Amino acid sequence: MAEGQIDVTKEKERETPARDGVAPITTEVRARHGGSGFVPPSETVFGLEDVHVYYGSFLALRGVTLDIGRNEITAFIGPSGCGKSTLIRCLNRMNDLIPGARVEGSIAYHGQDLYGEGVDPVEVRRRIGMVFQKPNPFPKSIYDNVAYGPKVMGLKPRSMGELVEESLRSAALWEEVKDKLKQSALSLSGGQQQRLCIARAIAVSPDVILMDEPCSALDPMSTARIEDLMEKLKQDYTIVIVTHNMQQAARVSDRTAFFTAEAAPGTGDRTGLLVEYDRTDEIFTHPSDKRTEDYVTGRFG
Ligand code: ADP
């Protein structure tokens with residue numbers, strides 16, 4: 001591996017050979033510095049530069065520039081419709097699947113253009129997994145839910161049983177399900193299903209886990225378990241979370257990006273934009289923008 005590059009694939013541990021025909025994603029490390037007082041991530045996983053996202057002719061999000069740090073939890077917060085989900089979906093090219101969705105500007109993943117020629121979106125989604133608002137296990141057994149991803153991706157772990165166990169342990173679910181791996185995943189509670197979805201994401205050895213409102217369908221106890229889990233997971237993964245819940249962002253994240261929607265010059269359409277991005281304690285205690293302050297103090301109108 002060239003100097004200045006890092007191996008994010010974890011393939012050494014799991015012996016998951018590169019798939020035929022998949023363009024390698026190189027992993028050059030790039031550092032960037034924000035404005036005065038801003039402490040940049042020590043290592044950047046995503047570097048976004050002037051990102052605009054359109055749905056057809058509608059500009060949903062404009063001019064987003066930020067760096068997302070490795071082994072950090074980054075929260076996207078802001079009122080409904082400001083483009084948080086749109087942006088998180090850009091980070092693993094899920095928007096490719098939405099007809100008419102278009103991304104302008106640049107998104108670098110470990111220094112490489114995520115939307116560049118030769119980058120395979122399927123490989124991107126293996127490296128950059130996603131957990132959704134509503135737990136969405138397959139109507140299969142608990143075991144098969146976790147084994148499914150590695151199988152369809154053609155990964156060859158030393159032992160599938162070990163990989164399933166390891167993934168369920170990482171998702172803090174193993175002890176609850178180890179005696180009923182053949183039972184349907186749909187028999188689990190909502191909170192357990194969400195941890196199963198996290199195990200499913202982990203099973204394909206990702207580098208990043210994106211979470212789009214992962215707790216919004218869960219009760220407070222299940223939410224607390226997922227939040228505890230996120231804290232552990234960030235030792236091994238980079239996590240980006242969209243949350244409506246400001247307390248959750250304050251509790252779990254290292255950095256917070258606050259977005260809002262305002263009329264775009266010339267069109268009158270309400271378009272999402274990044275207002276402020278900083279360490280989470282700064283955003284919640286010393287926001288530098290009045291709009292952030294109004295939002296985090298509940299005066300948003
Ligand atoms: P948030 O996650 O902050 O609630 P979204 O990213 O869901 O915001 O939406 C941002 C804007 O993009 C909204 O105006 C929304 O109506 C629009 N939008 C989201 N998804 C689509 C889509 N698939 N097609 C067209 N417009 C969309």
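The values are calculated or read from the model by the stated rules, or taken from the named source; none is laboratory data. Everything quoted here is computed from the prediction, not taken from an experiment. Using ideal geometry, Cβ is built from the backbone for each residue, glycine included, and neighbour counts are taken over all protein chains shown.
Odds and ends about this structure:
- Strands (runs of 3 or more DSSP E) contained entirely in the range 33-82, each with at least 2 residues that are farther than 20 Å from Ile241 by Cβ and touching a His at 6+ places or on another chain (Cβ under 9 Å): 58-69
- Filtered residues of the range 93-107 (kept if among the polar types (S, T, N, Q) and either more than 10 Å from the ligand (Cβ to nearest atom) or modelled with pLDDT of 95 or more (or both)): Ser106
- Residue that is nearest to Leu196 (Cα to Cα) [pool: residues in the range 108-139 that are away from the ligand (no atom under 16 Å from the Cβ) and of a type in the set (Phe, Trp, Tyr)]: Phe138
- Residues (surrounded by 18 or more Cβ atoms within 10 Å (Cβ to Cβ), in a strand (DSSP E or B) and either modelled with pLDDT under 95 or aliphatic (A, V, I, L, M) (or both)) located in the range 222-269: Ile239, Val240, Ile241, Val242, Ala257, Ala261
- Among residues of the range 188-205 that are over 16 Å from Asp219 (Cβ atoms), those with a Cβ under 6 angstrom from a residue that is of a type in the set (Lys, Arg) and assigned to a loop (DSSP other than H, G, I, E, B), sequence gap 6+ or separate chain, pair up as Ser205/Lys10.
- The single condition among (1) away from the ligand (no atom under 12 Å from the Cβ); (2) within 16 Å of Leu48 (Cα to Cα) that Ile88 does not satisfy is (1).
- Residues that are in contact (Cβ under 8 Å) with a residue 24 or more places away in the chain and surrounded by fewer than 24 Cβ atoms within 10 Å (Cβ to Cβ) were ranked within the range 211-221; the one that is farthest from the ligand (Cβ to nearest atom) is Met221.
Residue-by-condition table, conditions (1) touching a strand residue (DSSP E or B) at 6+ places or on another chain (Cβ under 9 Å); (2) modelled with pLDDT under 95:
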position: Ala23; (1), (2): no, yes
position: Glu28; (1), (2): yes, yes
position: Phe58; (1), (2): yes, yes
position: Thr65; (1), (2): yes, no
position: Cys90; (1), (2): yes, no
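- Comparison of Glu282, Glu276, Glu262, Glu293 shows that the only residue that is in contact with a helix residue (DSSP H, G or I) (Cβ under 6 Å, 6 or more places away or on another chain) and either at positive phi or acidic (Asp, Glu) (or both) is Glu276.
- The number of residues in the range 37-76 that are within 30 Å of Leu229 (Cβ to Cβ) and within 9 Å of the ligand (Cβ to nearest atom) comes to 3.
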